[in-house]
1. Of the cross-linked pairs Lys11/Lys84; Lys11/Lys199; Lys148/Lys188, which ones have a Cα-Cα span greater than 30 Å in the structure shown?
2. Could you estimate the translational diffusion coefficient of the chain from the Stokes-Einstein equation, with Rh from the Kirkwood formula over C-alpha pairs, at 4 °C and 1.567 mPa s, in whole µm²/s?
3. Could you work out the relative contact order of region 1-145, using alpha carbon pairs under 8 angstrom and six or more residues apart, expressed as a whole percent?
4. Test of understanding: given the chain, find the longest segment containing no GluC sites (Glu not before Pro) that are in a DSSP loop and have at most 11 other Cβ atoms within 10 Å.
5. With +1 on the Cβ of every Lys and Arg and -1 on the Cβ of every Asp and Glu, and nothing else charged, how large is the dipole of the chain about its Cα centre, in debye rounded to the nearest 20?
6. At a probe size of 1.4 Å, how large is the accessible area of Thr223, to the nearest 10 Å²?
7. Would you mind getting me the FRET efficiency between Val36 and Ala12? Use the beta-carbon distance for r and R0 = 25 Å, nearest 0.05.
8. Report the residues of region 26-59 in range of a label on Met1: point 7 Å along Cα→C-beta, backbone N strictly under 15 Å from it.
Amino acid sequence: MRLVRFFAEGKASYGVLAGEKVRPLAGDPFQEGVRVDDREIPLAEVRLLAPCLPSKIVAVGLNYADHAAEVGQPLPEEPVIFIKPSTAVVGPGEPVLYPPGVARVDYEAELAVVIRDTTRNVSPEEAPAHILGYTCFNDVTARDLQAKDGQWTRSKSFDTFAPLGPWIETDLDPNDLSITLAVNGVLKQSSTTRNMIFKVPYLVSFISQIMTLLPGDVVATGTPPGIGPVRPGDVMEVTVAGIGTLTNPVR
Ligand code: MG
């Protein structure tokens, strides 16, 4: 099932996407479960939004062995995590704004895990029951500031630096999905989630021992090799097999 958030008829709603039709939900898929009403709205008549409203995005650095080699870092013994703020989230099609004074802005294609309910101190075995589904994520990064600052908050947190979407796929095995990123149609990253050092259930468990994950929170699972810069006017496309493509222009 594909869960969307969309804007139509003057308001934002959750819905189920089936083909080219959106069936609005009576409430939200976290607190109230998936209860569709009888109406159908043509997809062409809605604007898709980021598919959830995370209170935080917990992102994992260096989770693909070949990306660690690419940036000259040793393999981590445990996940390296950082936070991206909720205010950085944009939805499919929304522009990523190139900040003034930044010398290099990079794309990073990632598989995003969407948390279903309040999740604290769960084991890897318990973690899947707390996952609503999966979507695409672009961990946009001001690479020059990441190096200059020695920590990552500023470089990862600019408004619009967290494109998310286009929808949440609820029926998906995350363990061997093709993940790619293209800039202006040219392939830049291509890997599979099979190459993750720390797998999804382990990551959710690990993070839940540190901080409580709330409904709609996002775990961004790290990027494969091939990171590189974009410029204003470029178009970035993150594609994860079984989900779809998240497209965002740079402005
Ligand atoms: Mg990343």
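The values are calculated or read from the model by the stated rules, or taken from the named source; none is laboratory data. Keep in mind that this is a model prediction, so the values were computed, not measured. Cβ placement follows ideal geometry from the backbone for every residue including glycine, while neighbour counts extend to all protein chains displayed. To get the accessible areas, we keep the full protein, side chains included, count just its heavy atoms, and leave off ligands, DNA and RNA. Shrake-Rupley method; radii C 1.70, N 1.55, O 1.52, S 1.80 Å.
1. Lys11/Lys199
2. Result for D is 72 µm²/s.
3. Answer for region 1-145 is 17 percent.
4. The reported range is 126-251.
5. Using Cβ point charges on Lys, Arg, Asp and Glu, the chain gives about 540 debye.
6. About 0 Å², ignoring ligands and nucleic acids.
7. In this case the efficiency is close to 0.90.
8. Backbone N within reach: 26-39.
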